[in-house]
Each structure stands twice: as C-alpha cells, then as structure tokens.
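Note sheet for the following structure.
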Amino acid sequence: MILIKILFLILCYLIGSLSPAIILCKAKYSVDIRTLGSGNAGTTNVLRNFGKRTAAATLLMDACKGIICYFAGLLVFSSYHMALLCGLVAVLGHIYPLYYGFRGGKGVATTMGLCLVAAPKAGLIALACAVVIIAISRRISLGSLLGSLIFTALVAAFGYDYFVLIWAAVITLIIWIKHRENIKRILSGNEPKFSLKK
C-alpha cells in the first residue's frame, strides 16, 4: 500500500507539473511566458503580458490541478489526509515542474483550488479576504500572502486536527518563500500594481 501511495503521489506531481501558463502562451503567442515580465509561469505574469482572457484560463486550469489531485486521492484511498498530500504534491509540481526544467509558477492558483475543496469554509473566507486586499492595494502578491495566512489561521480556529493545521502551515510557508522577492518590493514600496484595463 505504501508503494501505491508513493506512485500515486508521483502521478499527482506530474499532473501538477503541467503548466497552463507555458502551454497557452506558447500555443497562442509562440512565446515562453518565463522570458517575459517577472519570468514567472503564473496568472499574474500572464495577465500583465497577455490580458484578462488568457490569464483567466490560466487561473482556472491551475486551480483545477489542485482540485483534481485532491479528489483523486480522496476517491482512490478514501482518506482525507492522503487527499491533502495529493493536493500538496500537485502544488509542488506546479512550482517545480519536471517538464520545464523545474521552473514554474508560485503555486497560488493551484493552492487556491486545493484549499477551496479541502477546507471550503476557510478557503472561501480566505479567498474573499484576499480579493478585498487585492482590490484595495491593487497588488496580487499582497492578497496572496495575507490570504494564505488567513487560511491557516482559520484552519486553526475551526478546529481541524494537527495534520491539517501543519498541512496548511506548510502551504503558507511555501507561498511566502516563493514570494520573498515580492515581500522585499512590498516593504520598499516598489511592488507593481495590476490593472484590469489591459
């Protein structure tokens, strides 16, 4: 059973390694999104370079990776904790994709999809807070950072077990580590603002 679980986690990593940002931008514009803007293969960089429609498609497909792997783990193993691990591995695949030289996105959209299905109440509240923060600050990175903290705090407040709390804390830590350059720019006041006018 342990071997089966390991193989399944590898499969979830491979699913997470699929990068909609890279695939869509190469297919539609013949450009590797990682050569533009921040160099990140994620929704924000796609939005800044190619507009709302491609960014929305990227966001949706990235979120679906976390959702699919979570439910796949739940279906195959009938285990909530295993489903959480499957989703987490998909997030790691998104950030460090095997197919693209381990250079992917920052994991926010895949994490968002995962959190919404793994802990719906906490996920929805955290997402709503993140949207408000982004709308006020016009900085997606700030919403992502604070939203992840809020999610972990809510998981603790809603009485989830220690495994789930540690899982949420690990995801938050990953988000913060991947946003370390954004944090520096936020603190210095140099973090770019986004606009939906494009």
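The values are calculated or read from the model by the stated rules, or taken from the named source; none is laboratory data. Please read all numbers here as calculations on a predicted model, not as lab measurements. Using ideal geometry, Cβ is built from the backbone for each residue, glycine included, and neighbour counts are taken over all protein chains shown.
For residues that are assigned to a helix (DSSP H, G or I) and free of Cβ contacts under 8 Å to residues at least 40 places away in the same chain, scanning just the range 30-44, find the one that is farthest from the chain's Cα centre (by Cα). Break it down stepwise before answering.
Within the range 30-44, the subset assigned to a helix (DSSP H, G or I) is 33-35, 43-44.
Retained after the next criterion (residues that are free of Cβ contacts under 8 Å to residues at least 40 places away in the same chain): 33, 35.
Working: I33: 17, T35: 20 Å.
Here the residue is T35.
Which of the residues belonging to the range 64-93 are aromatic (F, W, Y) and either within 25 Å of P20 (Cα to Cα) or in contact with a strand residue (DSSP E or B) (Cβ under 9 Å, 6 or more places away or on another chain) (or both)?
Y70, F71
Would you point out which residue out of T152, T110 is in contact with an Asp or Glu (Cβ under 9 Å, 6 or more places away or on another chain) and buried (at least 18 other Cβ atoms within 10 Å of the Cβ)?
The match here is T110.
Which condition does G105 not pass, out of (1) of a type outside the set (F, W, Y); (2) modelled with pLDDT of 95 or more; (3) closer than 17 Å to I177 by Cβ; (4) crowded, with 24+ Cβ neighbours inside 10 Å, if it passes all the others?
Just one mismatch for G105, condition (2).
Could you grab me the full set of residues in the range 6-29 that are of a type in the set (S, T, Y) and either in contact with a Cys (Cβ under 8 Å, 6 or more places away or on another chain) or part of a helix (DSSP H, G or I) (or both)?
Matches in the range 6-29: Y13, S17, Y29.
Which residue pairs have Cβ atoms closer than 6 Å, lie 6 or more positions apart in sequence or on different chains, and pair a first residue in the range 135-152 that is closer than 17 Å to P192 by Cβ with a second residue that is hydrophobic (A, V, I, L, M, F, W, C) and not in a helix (DSSP H, G or I)?
Short answer, once both residue conditions are applied: R138/F194; I140/F194.
Mind checking which residues of the range 112-153 are closer than 19 Å to L173 by Cβ and either outside any helix (DSSP H, G or I) or in contact with a strand residue (DSSP E or B) (Cβ under 8 Å, 6 or more places away or on another chain) (or both)?
A119
Taking F158 as the residue in question, decide whether it is surrounded by 14 or more Cβ atoms within 10 Å (Cβ to Cβ) and not charged (D, E, K, R).
Values: surrounded by 14 or more Cβ atoms within 10 Å (Cβ to Cβ): no; not charged (D, E, K, R): yes.
No, not satisfied.
Considering the range 131-141 alone, what residues qualify as being buried (at least 18 other Cβ atoms within 10 Å of the Cβ), among the aliphatic types (A, V, I, L, M) and out of contact with any Phe, Trp or Tyr (no Cβ under 9 Å at 6 or more places or on another chain)?
Listed by number, the list holds a single entry, I133.
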